[in-house]
Amino acid sequence: MLDDTDRRLLRQLQKNPSATLSALAGRAQVSPQLAARRFEKLRQSGVLKGRHARIDWRALGFEIAVSLRFTLDKTDPRSFDSFMEKARAVPEVVEIQTFLGRVDIRLSVIARDLADYHRIYRERILTLPHIADIEALMQVATLKTDERLPL
C-alpha cells in the first residue's frame, strides 16, 4: 500500500505538520510536484485525513480530566444510539470510544476544577439515558501522547 517515498513523506509530515510542501519534499528527498501528487493520493485513499490544530485544554483553564466507563442497559435495542446522541451533545466530552466487552463506552470529560466536574457529572452525565453502571477514573498524569506512527 505505501512505498518508501510515501513513508518518507509521512515521516516528515509527522515530524513537522506545519512545514510547507516544499520543505517536506526537500526533507523526503523528492520534488515538490511529486510530494503534492503523493499527498493528494494519500488523502484520496483515506490515509491522510488533513491537518489539525492541537489545542492544550489545560492552557485554557481546564485542570481536570476524567475517563468515564459506561456499561449500558441493553434491554432497549435503541439504548446505544440514544446514549451516543446525548453524549455527543455534552460540550465537556472531548472523546467518545466504544468497546466490546464489559465496558460499552468510554467518555473523556474535562472540567475547570473539581466543583465544575461535580456539576457536569450531576447535571449532564447522570442524565444520559440507559446507564447500567459507571466507573470514573481521574487522570493524574499524561506520560505519553504521541500520534506518530512507526513508518
Modelled FRET efficiency - R0 35 Å, residue 119 with residue 19, Cβ distances, 0.05 increments: 0.25
Highest average packing first - 66-76, 42-52, Cβ atoms within 10 Å: 66-76, 42-52
Share of alpha-carbon pairs per 5 Å distance bin for the chain, given as whole %: 2, 8, 14, 15, 11, 10, 11, 11, 9, 6, 2, 0
For the stretch 95-137 versus the stretch 17-39, the gap between their alpha-carbon centres in whole angstrom: 42 Å
Full-extension gain in nm, residue 149 to residue 98, via 0.36 nm per residue minus C-alpha separation: 16.2 nm
Relative contact order %, the stretch 4-44, counting alpha carbon pairs below 8 Å whose residues are six or more apart: 35 percent
Inter-site label distance for residue 135 and residue 11 at 7 Å from Cα along Cβ, in nm: 3.9 nm
Size of electric dipole in the chain: Cβ of Lys, Arg +1 and of Asp, Glu -1, about Cα centre, debye, nearest 20: 760 debye
Percentage relative contact order, the chain, counting C-alpha pairs under 8 Å, at least six apart: 26 percent
The stretch 57-138 - charge dipole about Cα centre, Lys and Arg +1 at Cβ, Asp and Glu -1, debye rounded to 20: 40 debye
Cα convex hull of the stretch 57-138, projected area averaged across orientations, nm²: 5.1 nm²
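Read-outs: derived from the displayed coordinates by stated rules, not from any lab. It should be emphasised that the depicted structure is a prediction, and the values quoted were computed from it without experimental measurement. With ideal geometry, Cβ positions are generated from the backbone for all residues, glycine too; neighbour counts draw on all protein chains shown.
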